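First up is the structure itself, then whatever we jot down about it.
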Amino acid sequence: MPSRHQVVRRVLAAAAGVAVVLGASACSPASSIESTDVATWKATALPSASRIVLADAGKILNREPIAKDATVAAGSYTLTMSCDGGGKEFFDVSLDGRRLTEAGAACNGSRETARITVPSAGRLTISASSVDAPLIFAYQLVPSA
């Protein structure tokens, strides 16, 4: 059975180890969404594509949705999305004010894709939102091949 002195030394050694780990992680630079350069991040987050019909990228810092729209023709499209910062990003897609679909991306830097069928020409709106702010997002809509 260890003596009281040995037990105290082991407890102090364990506490010192925890302090070193915590101190090292506190000194490590944390990835900050607020200071991320959107254009640089987007260049690596999405594949290069031609014939982009609608695209956006930005930061959601306060949970407020960010919407962008464009006039599109009827047809099939591929929506490629990415986000980073934790949580999940939602993309609400509507045509002339009528909801077509919702898509989502896990905010771990991976890419997600969704097929979207636009039944008629009109004004397509994509609204990006999340309750997991802050995060950074990007998406692009291209005609399906």
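Results for (1) crowded, with 22+ Cβ neighbours inside 10 Å; (2) farther than 19 Å from Ser50 by Cβ; (3) not small (Gly, Ala, Ser), shown as yes or no for each residue.
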| site | (1), (2), (3) |
| --- | --- |
| Ser82 | yes, no, no |
| Glu89 | yes, yes, yes |
| Arg98 | no, yes, yes |
| Ala103 | no, yes, no |
| Gly122 | no, yes, no |
| Ser127 | no, yes, no |
| Ala133 | no, yes, no |
| Leu141 | yes, no, yes |
| Ala145 | no, no, no |
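Within the range 122-145, work out how many residues are out of contact with any Leu (no Cβ under 9 Å at 6 or more places or on another chain), aliphatic (A, V, I, L, M) and in a loop (DSSP other than H, G, I, E, B).
2
Of the residues Thr117, Thr71, Thr113, only one is in the same structural domain as Asp132 (by TED's automatic domain parsing), assigned to a strand (DSSP E or B) and under 15 Å from Leu46 (Cα atoms); which?
Thr113
Which of the residues belonging to the range 111-141 are over 30 Å from Ser35 (Cβ atoms) and touching a residue at least 40 places away in the same chain (Cβ under 8 Å)?
Across the range 111-141, the qualifying residues are Ile116, Thr117, Val118, Pro119, Ser120, Ala121, Gly122, Arg123, Leu124.
Among (1) within 19 Å of the chain's Cα centre (by Cα); (2) in contact (Cβ under 8 Å) with a residue 60 or more places away in the chain; (3) surrounded by fewer than 17 Cβ atoms within 10 Å (Cβ to Cβ), where does Asn108 come up short?
For Asn108, the exception is condition (2).
The values are calculated or read from the model by the stated rules, or taken from the named source; none is laboratory data. Note that this is a predicted model, so its numbers are computed, not measured. Cβ: placed from backbone, ideal geometry, glycine included. Neighbour counts: every protein chain shown.
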